[in-house]
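For reference, the structure is listed below as structure tokens.
The values are calculated or read from the model by the stated rules, or taken from the named source; none is laboratory data. What you see is a predicted model, and the numbers here were worked out from it, not measured in a lab. Note: ideal-geometry Cβ built from the backbone for every residue, glycine included; neighbour counts use all protein chains shown.
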């Protein structure tokens, strides 16, 4: 571009302002699009909604900001990508945009930096996900849903809230219900600068910049600890449910369980806890039980794992598979099928994901090839 600064001009600027911060122009001129995540304005909740709908974002170049947020760098697709806020705390920086990059210093005094293993010379620059591109070009969440996005952060279980409160109690802070501000125990704090959400199990200190969820708090309180992986269990963690003998309803079609968001305590217990970044991927066997006395839906079929209800088949799936379930119960005394528990990740800055359950039912078809989850960012 004719008005772009050349290397000589940049050198003159640098000699004149040697302590200036660094900025990257986004868009076609640099070949970059950046997703700016600001957790203080609900960005972590918006990101959880985005990834819960479209799958985890791909591993790419990533930095943390001096304000406690994240910048995720992607390859420009070659067509216009406008700068656009797509959800609370979630902005796309495309053509005509600019982001501050490491090793700049934030107004707070904290430095920008590259996430470990995600610097430009350490990580590939991933393609911009179609979902992000579409939202930036005008298909963002409608205003009503966008305003509600921070409240859609996956609900923490009672056990997780109790652990979160116990960790704060260990450093002398008795949590009050809801969002409150406290004196931070991790730096000399004379004016309350620590914000804690006791329901969402998240915290952020505007004084020292520390923040996150239970995992980050645990590391601050107890120091780093490596959980021992359970033998023979994919995904690590503590032992999960012992699979029953061979399923009586083997199949290849993926069927998603509904209502699993109401059974997060059971899924947390079954899996032995959340996993850092990638989440859980645990194979097991589920039992299907018709509920003809269910007043909300007489065709309802409950899904249980190791004796714990984890959700239901959707009404269309219950109708489609009811005869096979009934036949399996008459033939074998129970209807069971292969099941996979997924999700339940915990990342930095309080980003957590719901557990979910997928079943394998029915016969194979051209449309029923196994579908694999997209890899986590890191």
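Quick rundown of the values:
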| quantity | calculated |
| --- | --- |
| Any hit, the stretch 155-168, residues being under 28 Å from residue 52 (Cβ atoms), at pLDDT below 90 and touching a strand residue (DSSP E or B) at 6+ places or on another chain (Cβ under 6 Å) | no |
| Any hit, the stretch 20-35, residues being touching a strand residue (DSSP E or B) at 6+ places or on another chain (Cβ under 8 Å) and closer than 27 Å to residue 197 by Cα | yes |
| Unmet requirement for residue 175, which otherwise passes all of (1) assigned to a loop (DSSP other than H, G, I, E, B); (2) at pLDDT below 90; (3) within 22 Å of residue 352 (Cα to Cα) | (2) |
| Residues of the stretch 287-306 satisfying the condition of being outside any loop (DSSP other than H, G, I, E, B) and either without any contact (Cβ under 8 Å) to a residue 40 or more places away in the chain or over 25 Å from the mean Cα position of the chain (by Cα) (or both) | 287, 288, 289, 290, 301, 302, 304 |
| The stretch 316-338, subset touching a strand residue (DSSP E or B) at 6+ places or on another chain (Cβ under 9 Å) and without any contact (Cβ under 8 Å) to a residue 60 or more places away in the chain, residue nearest to residue 265 (Cα to Cα) | 318 |
| Residue tally, condition part of a strand (DSSP E or B) and surrounded by fewer than 19 Cβ atoms within 10 Å (Cβ to Cβ), over the stretch 307-331 | 2 |
| When residues of the stretch 142-151 are limited to those that are surrounded by fewer than 17 Cβ atoms within 10 Å (Cβ to Cβ) and under 24 Å from residue 343 (Cβ atoms), the one modelled with the highest pLDDT | 145 |
| Selected residue [touching a helix residue (DSSP H, G or I) at 6+ places or on another chain (Cβ under 6 Å) and at pLDDT below 90] from 310, 280 | 280 |
| Residue within the stretch 126-141 that is in a helix (DSSP H, G or I), at pLDDT below 80 and exposed (fewer than 13 other Cβ atoms within 10 Å of the Cβ) present | yes |
| Pair list, Cβ under 8 Å, 6 or more apart: the stretch 163-177 residue without any contact (Cβ under 8 Å) to a residue 40 or more places away in the chain, other residue assigned to a helix (DSSP H, G or I) | 174/168; 175/164; 175/165; 175/168; 175/169 |
| Where a residue in the stretch 24-39 is in the same structural domain as residue 102 (by TED's automatic domain parsing) and surrounded by fewer than 16 Cβ atoms within 10 Å (Cβ to Cβ) and its partner, wherever it lies, is at pLDDT 90 or above and not in a strand (DSSP E or B), with Cβ under 6 Å and at least six apart | 31/76 |
